């Protein structure tokens with residue numbers, strides 16, 4: 001089913017490319033756009049994950065650099081009976097995370113320093129389990145290709161303004177058609193993104209809760225991310241809005257409603273669904289029994305609180321203020337894990 005959806009997505013994006021080409025240069029422009037779209041589809045399949053990680057300046061970490069985060073992902077991947085994905089850290093103060101990759105054998109999970117610094121171990125486990133669920137469900141193939149091609153459609157629409165208004169070309173609709181293309185093409189690309197059912201987020205929440213062993217961990221994490229995410233400006237995400245749907249919570253400002261034009265389900269609805277699943281005892285990626293969180297006031301401390309150490313960045317220090325933090329978050333020669 002996921003491969004059928006992918007094929008439909010690629011076909012829709014290809015048709016959109018051809019339509020823009022027709023608006024720019026008539027039938028000849030449509031044929032050129034078809035060739036470009038075919039090449040981009042192939043390129044996106046093999047390289048879109050690398051492009052998305054590069055857009056957000058994600059840095060790959062290993063077990064030596066982030067032993068607890070890496071070990072957590074490895075334990076949960078084994079529990080989910082899936083290959084170990086690559087692990088990336090994004091030096092960004094906004095709490096967020098995403099997964100990417102064309103299949104479980106070639107996948108990656110990425111977490112921001114803001115997420116690692118502001119969430120507990122259990123909450124981070126819930127977020128990582130959610131991203132692993134996306135990989136296991138093959139959602140990441142659709143997400144990465146959508147992000148790459150939707151961004152390219154918007155760029156091609158801008159090219160229409162430069163080359164489509166020339167009276168000597170074959171544009172059958174003239175300058176008015178060019179203006180319409182500039183406005184409507186990005187909207188159409190966004191609608192194709194949104195056409196991918198948002199129920200995949202609910203499915204990933206459910207499977208993620210099963211992978212990490214406690215749905216309340218993920219519910220608490222979602223509440224914290226949604227509460228802090230909109231207060232922290234994510235420059236890379238704003239510069240690349242076509243990738244917004246890949247994150248666990250929309251990284252763009254102004255996302256509050258669960259409507260037709262939303263890339264994510266309403267966070268309160270997701271929390272409620274997880275709350276109804278309840279906690280579970282048994283598996284924990286940290287060893288021992290899971291801890292039950294209070295069902296009221298998500299983001300609160302465990303019922304049996306422990307005194308945590310001051311949060312550390314993924315390199316063992318700093319507060320993850322972003323790339324302009326004066327070098328405080330640069331990895332030392334012997335980096336530590338995200339929690340010391």
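The values are calculated or read from the model by the stated rules, or taken from the named source; none is laboratory data. Model, not experiment: these values are computed from the prediction. Glycine also receives a Cβ, built like all others from the backbone with ideal geometry; neighbour counts cover every protein chain displayed.
Tabulated data for the structure shown
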| quantity | calculated |
| --- | --- |
| Tally, over region 97-118, of residues that are part of a loop (DSSP other than H, G, I, E, B) and in contact with a helix residue (DSSP H, G or I) (Cβ under 6 Å, 6 or more places away or on another chain) | 1 |
| Whichever residue in region 119-131 is assigned to a helix (DSSP H, G or I) and out of contact with any helix residue (DSSP H, G or I) (no Cβ under 6 Å at 6 or more places or on another chain) and, among such residues, is surrounded by the fewest Cβ atoms within 10 Å (Cβ to Cβ) | 121 |
| Members of region 38-74 that are at pLDDT below 75 and either closer than 30 Å to residue 90 by Cβ or touching a strand residue (DSSP E or B) at 6+ places or on another chain (Cβ under 6 Å) (or both) | 40, 41, 44 |
